[in-house]
């Protein structure tokens, strides 16, 4: 039996997204200097959500110190309809900004209401995403839908 292929990694400027499963992505953001790179990355995530039917995403913000206003103002344009979203490595200020963006997005686009949480490390975040994924599978299996 051959080893599993390495995860697919796509680069968008300083940022990248890595798929560890067809419906689980790890997005690593660095400095937000180019809004178009962020939009391009989230457009790929949106396409994966459409193809797979669900999307669980870990967002690593450990390389980010601030989010420029031009990025914050894109709001729903950069927030795909995730099934769950885990943030890792966000300091206090970045958590406040992220929480603000998430609340504004939810208020302006109610369909973009999904569970999200903040974590100090990727292992805990991935475990939470897996639990969210399993929780979604149980009702689908119970009803015979998927």
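Any read-out appearing in this document is the output of simple, stated calculations on the displayed coordinates, not a laboratory observation. The structure presented is a predicted model; accordingly, all values stated were derived computationally and were not measured. Glycine also receives a Cβ, built like all others from the backbone with ideal geometry; neighbour counts cover every protein chain displayed.
Restricting the calculation to alpha carbons of region 29-71 gives Rg and Dmax of 11.9, 33 angstrom.
Defining a contact as two alpha carbons under 8 Å apart and six or more residues distant in sequence, what relative contact order in percent does region 8-143 show? Reported relative contact order: 21 percent.
Mind sorting 116, 82 by how few other Cβ atoms lie within 10 Å of their own Cβ, fewest first?
Fewest to most other Cβ atoms nearby, the residues stand as 116, 82.
For region 8-143, list log₁₀ I(q)/I(0) at each q in 0.09, 0.10, 0.13, 0.16 Å⁻¹, using the Debye formula over Cα point scatterers of equal strength and ignoring solvent, two decimals each. Debye output, listed in q order: -0.24, -0.30, -0.51, -0.79. Please report the base-10 log of the normalised intensity I(q)/I(0) for region 6-62, using a Debye sum with one equal scatterer per alpha carbon and no solvent, at each q in 0.24 (1/Å). Normalising to I(0) and taking log10 leaves -0.94. Within region 8-143, DSSP assigns beta bridges of which about 40% are antiparallel (rounded to the nearest 5).
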